[in-house]
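The values are calculated or read from the model by the stated rules, or taken from the named source; none is laboratory data. Please read these numbers as outputs of a predicted model, since none were measured by experiment. Because the Cβ atoms are built from the backbone with ideal geometry, glycine has one as well, and the counts that use them run over all protein chains shown.
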Amino acid sequence: MGDRRKYIVGNWKMNGVADTIDEATAIARHATDAPGVDVALCPPATLVERMARRVPTLAVGGQDCHECESGAYTGSISVAMLVDAGARLVIVGHSERREGLGESDSLVRAKAERALAGGLSVIVCVGESKRIRDAGDAERHVTAQVAASLPEDFDPARLAIAYEPIWAIGTGDVAKVSDVAAMHAAIRDMLRDRAGAEAASVRILYGGSVTGDNAAELLAVADVDGALVGGASLTAAKFVPIVEAAAAIE
Ligand code: 13P
C-alpha cells in the first residue's frame, strides 16, 4: 500500500463570482490545519487567479484545459494559462464534459498529458451511466475508461483518478459502499497491471453526492483516497465537515 494522503477536492462547476471567494477563505482557515489531508478547490476559470492570490494556502485548480499548447481555440483555456493564474491542478474528463460535449477517452488522455507536461497535477474522471450499471457492466466500462484516458507515462504523485458514477452526481443518490469498494479495487488492480508498484501511489477519489453525512463511511473504504465534491463544496459549512471526516481517518 502506498503512502497516500487523503485528498479532498471541491469542484465548483459553473458556480461562483468574486464574493464567493469568501467561502474559499473560510474553507482554507479550517482545511490547512486538517492533519494528513490535502485540500484543493477548482472554481470556474474566471476565479482561479483571484482565488489563488487571495487564498495562497489552498491548492487552486482548473476544471478543464485544452489539449494543445496554444492557438486558435476560441473560449478554451490552456495549461500555461492555468499555471500563469496560479493553478496547481486541473480536472480532466468530467462526465459533464464527456457526456455534454462528447469528450472521448483519447481527448481526455491528451489533456492529461498536456497538463502533466505543463507542471500541473491532474485528476482524471471516469464513471458509468445508470444504464451501464444496471446492465452489470460498470467495472469493465470504468476500467476500460481508465486504461484509455491515462497518459502513457505519468508521475503517480501528480495523478489522481476520480470515480464518479454519473447517476450519483448531483442526485443525492450516493453509490453503495460495497459497489464503491469493488470499483476502487478494480481500478487499483488495473493500475497495478499498468504501472506496477508505482500504482500504489496514485490516489483514487470517489465523487457523487458526497456530503458531511456520508463522507466518513466512504472515506473509510480501502482504496478510497479522497473525494471529488460538487454541491457540498460550495460553502465552508458543507465542505469543512468532509475535510474533517478525512482528517479523522487514519
Ligand atoms: P456532487 O457532489 O454535486 O454530486 O457532484 C460531484 C461531482 O460531479 C464532482 O466533480
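Restricting 220, 168, 175, 160 to those that are more than 16 Å from the ligand (Cβ to nearest atom) and of a type outside the set (Ser, Thr, Tyr) reduces the list to 220. In this structure, does residue 22 turn out to be modelled with pLDDT of 95 or more, in a strand (DSSP E or B) and away from the ligand (no atom under 14 Å from the Cβ)? The answer is no for residue 22.
So, residue 16, is that one within 16 Å of the ligand (Cβ to nearest atom), modelled with pLDDT of 95 or more and on the phi > 0 side of the Ramachandran plot or not?
Yes; evaluated as a whole, the condition is true for this residue.
Any residue in the stretch 217-245 that is under 17 Å from residue 123 (Cβ atoms) sitting within a Cβ distance under 6 Å of a residue that is modelled with pLDDT under 95? List the pairs, counting only those 6 or more apart or interchain. Pairs found: 219/249; 225/4; 243/31; 243/34.
Applying the selection to the stretch 96-117, what residues are part of a loop (DSSP other than H, G, I, E, B) and in contact with a strand residue (DSSP E or B) (Cβ under 9 Å, 6 or more places away or on another chain)?
Matches in the stretch 96-117: 103 only.
I'd like to check something: does the stretch 69-82 contain any residue that is within 30 Å of residue 191 (Cβ to Cβ), buried (at least 17 other Cβ atoms within 10 Å of the Cβ), aliphatic (A, V, I, L, M) and within 16 Å of the ligand (Cβ to nearest atom)? Within the stretch 69-82, not a single residue is within 30 Å of residue 191 (Cβ to Cβ), buried (at least 17 other Cβ atoms within 10 Å of the Cβ), aliphatic (A, V, I, L, M) and within 16 Å of the ligand (Cβ to nearest atom).
The set of residues in the stretch 152-171 that are over 10 Å from residue 126 (Cα atoms) and modelled with pLDDT of 95 or more comprises 158, 159, 160, 167, 168, 169, 170, 171.
Which count do you get for residues in the stretch 25-58 that are in a loop (DSSP other than H, G, I, E, B) and crowded, with 16+ Cβ neighbours inside 10 Å?
Narrowing the stretch 25-58 to residues in a loop (DSSP other than H, G, I, E, B): 32-36, 43-44, 55-58.
Still in the running and crowded, with 16+ Cβ neighbours inside 10 Å: 34, 43-44, 55, 58.
Of the residues in the stretch 25-58, 5 are in a loop (DSSP other than H, G, I, E, B) and crowded, with 16+ Cβ neighbours inside 10 Å.
Taking the listed residues 140, 188, 192, 114, the one that is basic (Lys, Arg), within 23 Å of residue 41 (Cα to Cα) and more than 16 Å from the ligand (Cβ to nearest atom) is 114, with no other qualifying. The helices (runs of 4 or more DSSP H) falling completely within the stretch 133-250 that include 3 or more residues that are surrounded by fewer than 18 Cβ atoms within 10 Å (Cβ to Cβ) map to 138-149, 177-195, 236-248. For beta carbons closer than 9 Å, sequence separation of 6+ or different chains, a first residue in the stretch 29-48 that is closer than 13 Å to residue 87 by Cα and a second that is among the basic types (Lys, Arg) and surrounded by fewer than 23 Cβ atoms within 10 Å (Cβ to Cβ), the qualifying pairs are 40/88; 42/13; 43/50; 44/13.
The residues of the stretch 1-37 that are closer than 15 Å to residue 240 by Cβ and touching a strand residue (DSSP E or B) at 6+ places or on another chain (Cβ under 6 Å), listed by number, are 6, 8, 9, 10, 24, 31, 37.
Which of the residues spanning the stretch 202-232 are small (Gly, Ala, Ser) and within 25 Å of residue 150 (Cβ to Cβ)?
Matches in the stretch 202-232: 207, 208, 222, 226, 227, 230.
Can you say whether residue 88 is within 23 Å of residue 219 (Cβ to Cβ), of a type in the set (D, E, K, R) and either within 16 Å of the ligand (Cβ to nearest atom) or surrounded by fewer than 20 Cβ atoms within 10 Å (Cβ to Cβ) (or both), as far as the supplied structure shows? Taking the combined requirement at face value, the residue satisfies it.
Residues that are out of contact with any helix residue (DSSP H, G or I) (no Cβ under 7 Å at 6 or more places or on another chain), more than 11 Å from the ligand (Cβ to nearest atom) and not polar (S, T, N, Q) do occur in the stretch 198-208, at least one of them.
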